[in-house]
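Taken together, the values in this text are just the output of simple stated rules run on the coordinates, not laboratory data. Since this is a predicted model, take the numbers as computed values, not measurements. FYI the Cβ positions are ideal-geometry reconstructions off the backbone, even for glycines, and counts take in every protein chain you see.
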């Protein structure tokens, strides 16, 4: 996941479409955003995720982008 | 960056270090805990509970005063073994600040709030350590960030003893200045988990440390550990990289036009901390401001200079020349120039937005004792000229400085009343004694004593001193409460929240036709007061260029 942190979310979605499910799970509006320009690393802070949710979000995103998925 | 750091000015030291080390091939991740929701929740939970026990007339600058309690409490929470002593200390901390007795119900509530926050931070930090697997971790220390920073340094070392740990920050120019008992206590306390203590600018020293150029047993690193050829000139120092900071949550950008301080006040340690005074070429400063502006879409800059006076003329001229509508918020000193309306209008035209001035007292006798190098007349002359130009004036005052009589204090109240319409903000503090660095210190040596009983100092780690010199601590706080109530009666604000700032700006606009815009108006580019006509004071001959504003 770390290697994708400085990607824009639209590029990560292209590369790993499965991350959309994670974004949905945390009610993050990225999927419906017109620009999708935010950097992956900024999303949890911008969306004011709690520390607990941020940890869960990182864990699930890491799983979603791991080599054996999508 | 650990709590608590008010989210106004983004962490510039760490962000600059990040940029510098990245340019040398290191991968740097900065975590800013201050914009996390849990930090704010904790902060307001703690103070909301405490506030209920403090009578309104004693709340003073409630949060500002409370930071001392919170900081010591957070340290004691980590260190206590005897619960009775721990609660006794927290009770005394509150008493020695607000002079009220509190019950065990409050102490238990505060303890629970603090405990919950520690658990949240610990879980998150361990997660981050596991995720990032850093080779080195560091923290910047200020009085309010010290306890939690040390806690997390300890966790990092326990998590992986091979991790390099380092700390730096403004605390070493202030309450933990080298040579003080608190600095010695700091070194002792952190011996097992902080590898390096960095005093002053960290870029070159941290790089040298990461490159393995310092022996393991050398813990203290200062600019004296650098060869002249290793020091980066001021002009070439890196800009901050705020990419890890949630900039939407901060109001200011940051710029620097000079380092160190041209003055050598006996109560200050700037010279030792930052070395000799150096000025940056103003064109370079403005170029850097423009780069940051384009990157982060902000126009209001907090200037990190100790004082902007020596560079303000050139800086304002450069901003005007480049037709840039940036604003500067800065520490300032009343002097002859700031009593000249033509100059203050020129500065305003160049973007001077807010000046933070240490007025301290309305008594010339006290200003002399403090070795301030200013007079009451200078304050009286300068504030109206700055205000007339619309520049927001934040004034700092100190109550209960040694030898301040009731008559001196009354002079301060009178001065504030006389100048009320020219003061955007009046912030005051009760005099606090730090072991070292104060004016006339030798004369005070045999007057200082520990504020808290010796057996509680073990869990505080760092000691708090007071002076047995008139008027003393309790009287100082009494004057602080009276000063604040006086300002309230006069309608002089001391804004803390965004809403209070907005209200203070509304008052300023109603008082001064040249008033700078409020924070929200200039937060994002595109909304500025460029084009607004400056209104000249009656006694100034118009200069055409003033009207180009």
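Contour minus end-to-end for residue B:132 and residue B:414, with contour as 0.36 nm per residue of separation and end-to-end as the Cα-Cα distance? Please list the in-between numbers first.
Values: separation 282, 0.36 × 282 = 101.52 nm, distance 5.70 nm.
Full extension of this stretch gives 95.8 nm more.
Model label sites at residue B:159 and residue B:82, defined 7 Å from Cα along the beta-carbon direction, differ in position by 3.4 nm. Going by the alpha-carbon gyration tensor, a ≥ b ≥ c the square roots of its eigenvalues, is chain A rounded (a/c under 1.5) or, if a/c is not under 1.5, prolate (a/b greater than b/c) versus oblate? Note, shape of chain A comes out rounded. According to the calculation over all Cα-Cα pairs in the range B:180-294, the P(r) per 5 Å bin from zero is 2, 9, 15, 16, 18, 18, 14, 6, 2, 0 %. Take every Cα pair under 8 Å whose residues are at least 6 apart in sequence, average their separation, divide by the length of chain B, and the relative contact order is 14 percent. The residue B:443 and residue B:187 beta-carbon pair, evaluated with R₀ = 25 Å, returns a calculated FRET efficiency of approximately 0.35.
Over all Cα atoms in the range B:12-230, the spread is summed up by Rg and Dmax: 18.9, 60 Å.
What is the distance in Å between the Cα centroid of the range B:332-390 and that of the range B:58-83? Between the Cα centre of the range B:332-390 and that of the range B:58-83, the gap is 34 Å.
Given all pairs of different Cα atoms, what value in angstroms does the Kirkwood hydrodynamic radius of the protein assembly as shown take? Don't skip to the answer; put the middle values down first.
Values: mean 1/r = 0.0382 Å⁻¹.
Hydrodynamic radius (Kirkwood, Cα pairs) of the protein assembly as shown is 26.2 Å.
What value in Å³ per residue do you get for the convex hull of the alpha-carbon atoms in chain B?
Details: hull volume 79.9 nm³, N = 549.
It comes to 146 Å³ per residue, whole-number rounded.
Remark: spin-label model distance residue B:41-residue B:454 equals 4.4 nm, labels positioned 7 Å along the Cα→Cβ axis.
Mean residue ellipticity at 222 nm from the helices of chain B, using -39,500 (n - 2.57) per DSSP H segment of n ≥ 4 over the full residue count, to the nearest 500 deg cm²/dmol?
Values: 20 runs with 245 residues, N = 549.
Rounded to the nearest 500, the figure is -14000 deg cm²/dmol.
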